[in-house]
1. A 18 angstrom limit on the alpha carbon distance is what I want to check against. Which of LYS21/LYS51; LYS123/LYS157; LYS45/LYS170; LYS21/LYS123 exceed it?
2. Let me spell out the model: positive unit charges on the Cβ of Lys and Arg, negative unit charges on the Cβ of Asp and Glu, origin at the Cα centre of segment 1-41. What dipole size does that give, in debye rounded to 20?
3. Given the options LYS195, LYS21, LYS100, which has the most mean-square fluctuation in a GNM of the chain, springs set between C-alpha atoms less than 10 angstrom apart?
4. Report, please, the projected area of segment 78-147 averaged over directions, based on the convex hull of its C-alpha atoms, in nm².
5. Please report how far the C-alpha centroid of segment 20-86 lies from that of segment 154-177, rounded to the nearest whole angstrom.
6. Relative contact order of segment 2-226, please, whole-number percent, based on alpha carbon pairs below 8 angstrom and at least 6 residues apart.
7. Taking springs between alpha-carbon atoms closer than 10 angstrom, which of VAL201, VAL132, VAL189 fluctuates most in the Gaussian network model of the chain?
8. Using only the alpha carbon atoms of the chain, find the Kirkwood hydrodynamic radius as the inverse mean reciprocal pair distance, in angstroms to one decimal.
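No lab work stands behind these numbers, since they all come straight from the coordinates. Predicted, not measured: the structure shown is a model, and the values here were computed from it. Cβ: placed from backbone, ideal geometry, glycine included. Neighbour counts: every protein chain shown.
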Amino acid sequence: MYSIYKDSLELAFYFSENLLKLSHESEKFNIALSGGNTPKFIFQKIAADYKNKFDWNRIHLFWGDERCVPPDDDESNFGMTKKYLLNQITIPEHNVHRIKGEKDPVTEAERYTEEIKSNAKFKNGLPRFDLVMLGLGEDGHTASIFPNQMSLINSEKICEVAVHPSSGQKRVTLTGRVINNASVITFLVTGDSKKEILKKVLVDKNKTLPAEFIQPVSGELNFYVDEAAAEYL
Ligand code: 6PG
């Protein structure tokens, strides 16, 4: 269920090793990347030590969510991924399926839905990602499913427009049913600031937070956490 690592460097090593193994299990490996800050050290590790180990021709990158900003905006999850990973690897352009944050959110959510449908595998009538990477917000959100928008967990849609509860920033996000349809779902949670919320999700389990409703229908759920975030586990 969860693995505790000494620090983010050790976590990045083991995540990268396991990701490499997992990527060999599918001829076409579809991964939905998480955003925010946590993935930065993961992407740096992959770019530094694994870029020639992955067969990028077989790997398709999607995003679990994106902020509705241009790709060169500091807030862009694609922009962050480009800086820390894409600029350092050779991956076919058509394997990179970014959410176009600069577009109208509703139109983009619809377009991205079609892009997923035409590229992903399906199971239970829904797209089935080989891996969905997720972060955990201090309020218990994941992807861009926030505590005041719980309807996105069971939405019939593949993608929806979300609104950040404090900044009002619009987001395009995968919905909970699509996330839960993945073969593997991996949360990456590090740092002292996440120790309380991680306890709520993994120990208290009051089933009130979006991250608590991430339960794979027929897949594997795991948490990669560092000691600082795991203090209360
Ligand atoms: C986003 C993410 C979001 C993130 C959490 C954790 O677009 O912000 O997808 O769900 O994973 O907010 O963010 P940090 O890694 O920055 O703590």
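1. LYS45/LYS170; LYS21/LYS123
2. That gives a dipole near 100 debye.
3. LYS21
4. 6.4 nm²
5. Here the two parts' Cα centres lie 20 Å apart.
6. Relative contact order here is 23 percent.
7. With Cα springs under 10 Å in the chain, the top fluctuation among VAL201, VAL132, VAL189 is at VAL201.
8. 17.5 Å is the Kirkwood radius here.
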